[in-house]
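The values are calculated or read from the model by the stated rules, or taken from the named source; none is laboratory data. Because the structure is predicted, anything quoted here is derived from the model rather than measured. Cβ sites come from the backbone with ideal geometry, for glycine too, and all protein chains shown count toward neighbours. What goes into the accessible areas is simple: the full protein's heavy atoms, side chains included, and nothing from ligands, DNA or RNA. Shrake-Rupley method; radii C 1.70, N 1.55, O 1.52, S 1.80 Å.
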Amino acid sequence: TQLLEQSPQFLSIQEGENLTVYCNSSSVFSSLQWYRQEPGEGPVLLVTVVTGGEVKKLKRLTFQFGDARKDSSLHITAAQPGDTGLYLCAGARTSGSRLTFGEGTQLTVNP
Amino acid sequence: GAGVSQSPSNKVTEKGKDVELRCDPISGHTALYWYRQSLGQGLEFLIYFQGNSAPDKSGLPSDRFSAERTGGSVSTLTIQRTQQEDSAVYLCASSLRTSGGVETQYFGPGTRLLVL
């Protein structure tokens, strides 16, 4: 049973389009993180959210943690080819516990 | 400063042979993780070391897989009698994990294993 479900699994869009990736669970998480992985490299942390309802912005990326701390979303505005990669959400059930990773969303932005 | 390094970067082996994968974590990081990743997929947790505590081996898929961490630093993941389904990218991550904080894992570039 996958604790964190990501959708969509694959997404291919044109440069300039907007997109949203979802990370859902039936469980409450103490914190949730988003990582991005480029081909041939390991994942790199983008953001951490810890408070229900929290919204964080990183340039064209907007991250939101659900009020109940069971879900999160990543919204990218005006996607660029450089945004191409595998986006992974990861959650900690309790403070200090190890992370559980979702299956990932493979994003391709075509020029 | 140096990040997490892994070696070899690529490994091709024949079915039935043993392989050893190495991970050098960031200096001072107390926690070390091994994950397996199939092409374009998420991360499958394998094993976790934290300080001097007994490792969490709950993710190891079979008894052909084992790992050790010497001196609280370098770790080696060993796969005995490799099978074709073992082909994947093996990622190592380290973190400065505290009991009450939010953890950030720092990943190495991975070892791409191909079993023929």
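Brief remarks on what is shown
- Solvent-accessible area per residue for chain A (1.4 angstrom probe, square angstrom): 46
- Cross-link partners of B:Lys15 among aspartates and glutamates, defined as those whose alpha carbon lies under 12 angstrom from its own and excluding same-chain residues fewer than eight positions apart: B:Glu85, B:Asp86.
- Beta bridges by DSSP in chain A, antiparallel share as percent, to the nearest 5: 90
- Prolate is the label for region B:16-63, because the ratio a/c of its alpha-carbon gyration tensor axes (a ≥ b ≥ c) is 1.5 or higher and a/b is greater than b/c.
- Length gained on full extension, B:Arg64 to B:Glu20: 14.7 nm, using 0.36 nm per residue less the C-alpha separation.
- Pairs of Cα atoms farther than 24 Å apart, the protein assembly as shown, %: 45
- Taken as Cα centroids, region A:1-60 and region B:56-83 sit 29 Å apart, rounded to the nearest whole angstrom.
- Whichever aspartates and glutamates have a C-alpha closer than 15 Å to that of B:Lys57, once near sequence neighbours (fewer than 8 apart) are set aside: B:Glu44, B:Glu68
- Expressed as a fraction of 2.2 N^0.38 Å, the value expected for a compact globular protein of N residues, the C-alpha radius of gyration of chain A is 1.01.
- Quotient of Cα Rg and 2.2 N^0.38 Å for chain B, N being how many residues it contains: 1.02
- Charged-residue dipole, Cβ positions (Lys, Arg, Asp, Glu), the protein assembly as shown about Cα centre, Debye nearest 20: 320
- Where region B:3-106 is the region considered: accessible area per residue in Å², 1.4 Å probe: 48
- Buried accessible area, chains B and A (both chains, 1.4 Å probe, Å² to nearest 100): 1700
- Burial here means at least 50 square angstrom less accessible surface with every protein chain in place than with the chain by itself, probed at 1.4 Å; in region B:28-53 the buried residues are B:Gln41, B:Leu43.
- Accessible-area loss of 30 Å² or more (1.4 Å probe, protein heavy atoms, chain alone versus all protein chains) is found in region B:74-116 for B:Arg97, B:Val102, B:Glu103, B:Thr104, B:Gln105, B:Phe107, B:Arg112.
- Portion, in percent, of the accessible area of chain A that falls on carbon or sulfur, probe 1.4 Å: 48
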